[in-house]
Amino acid sequence: QVQPVESGGGLVQPGGSLRLSCLASGSIFSTYDMNWYRQAPGKQREWIALISYAGTTSYANSVKGRFLVIRDNDKNTMYLQMSSLKPEDTGVYYCNRHLNPVPWGQGTQVTVSS
C-alpha cells in the first residue's frame, strides 16, 4: 500500500492556526473513512478526528470545536483545519484510513509555542 503524505505543519504561537493536508492514493482514499491522529513526545499515538467518505465527522474531545476535518474525494486529499492552537496540540500528525489501515506515513510536525 502507498503511504499517505502529510504536510502543512510548522511552528505556531498559541492561539494560532494551521491547515494540514493528507494526500493519499486512490487505493487508500476512494470511499474509505479516514482518520487524523497525533503523537505527542513520549506519548502514544492518539486518534483525534474521523471523516467518512460522505463527509460525516467525529472528533476527540480534546480538539472538538477547534479542529475541522474536510475531504476532497476528487483529489484524494483531506484537510485538518486547526484553530485556537494550544501547546498541548504539539506533536506529529498522521492520517490513515479507518478500516484496514496502511503503513504510516512520515507525519507532519506541529509545534505550538510562544
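The values are calculated or read from the model by the stated rules, or taken from the named source; none is laboratory data. Because the structure is a prediction, the values reported are computed rather than measured. Quick reminder, even Gly has a Cβ in these numbers, built from the backbone with ideal geometry, and neighbours come from all protein chains shown. Keep in mind that these areas ignore ligands, DNA and RNA; they rest on the heavy atoms of the full protein, side chains included. Shrake-Rupley method; radii C 1.70, N 1.55, O 1.52, S 1.80 Å.
Looking only at residues in the stretch 88-103 that are at pLDDT 95 or above and hydrophobic (A, V, I, L, M, F, W, C), which one is farthest from the chain's Cα centre (by Cα)? It comes out as V92.
All conditions but one from (1) open to solvent by 40 Å² or more (accessible area, probe 1.4 Å); (2) part of a strand (DSSP E or B); (3) in contact with an Asp or Glu (Cβ under 8 Å, 6 or more places away or on another chain); (4) small (G, A, S) apply to S21; the one that does not is (1). Could you tell me how many of the residues in the stretch 93-102 are surrounded by fewer than 18 Cβ atoms within 10 Å (Cβ to Cβ) and either hydroxyl-bearing (S, T, Y) or closer than 17 Å to S7 by Cα (or both)? So the answer is 0.
Give W36, W47 a once-over and let me know the one that is open to solvent by 60 Å² or more (accessible area, probe 1.4 Å), in a strand (DSSP E or B) and of a type in the set (F, W, Y).
Numbers: W36 fails: open to solvent by 60 Å² or more (accessible area, probe 1.4 Å).
From the options W36, W47, the qualifying one is W47.
Going by the structure shown, is T56 loosely packed, with under 14 Cβ neighbours inside 10 Å, over 28 Å from S113 (Cβ atoms), without any contact (Cβ under 8 Å) to a residue 12 or more places away in the chain and over 12 Å from the mean Cα position of the chain (by Cα)? Considered against the rule, which asks whether it is loosely packed, with under 14 Cβ neighbours inside 10 Å, over 28 Å from S113 (Cβ atoms), without any contact (Cβ under 8 Å) to a residue 12 or more places away in the chain and over 12 Å from the mean Cα position of the chain (by Cα), T56 comes out as yes. Inside the stretch 88-114, can you point out the residues that are in a strand (DSSP E or B) and over 16 Å from L11 (Cβ atoms)? Scanning the stretch 88-114 gives Y94, C95, N96, R97. Within the stretch 1-18, being more than 17 Å from G91 (Cβ to Cβ), in a loop (DSSP other than H, G, I, E, B) and open to solvent by 70 Å² or more (accessible area, probe 1.4 Å) holds for Q1, V2, Q3. When V63 is tested against the conditions (1) within 12 Å of the chain's Cα centre (by Cα); (2) part of a strand (DSSP E or B), the lone failure is (2).
With respect to the stated conditions, F67 fails to be under 22 Å from N100 (Cβ atoms) and open to solvent by less than 20 Å² (accessible area, probe 1.4 Å).
Conditions (1) within 12 Å of M82 (Cα to Cα); (2) in contact with a Gly (Cβ under 7 Å, 6 or more places away or on another chain); (3) touching a residue at least 40 places away in the same chain (Cβ under 8 Å), marked per residue:
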position	(1), (2), (3)
V2	no, no, yes
S7	no, no, yes
L23	no, no, yes
N35	no, no, yes
R38	no, yes, yes
W47	no, no, no
A60	no, no, no
F67	yes, no, no
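Total residues in the stretch 71-87 satisfying the condition of being open to solvent by 70 Å² or more (accessible area, probe 1.4 Å), in a strand (DSSP E or B) and either among the aliphatic types (A, V, I, L, M) or at pLDDT below 95 (or both): the figure is 0.
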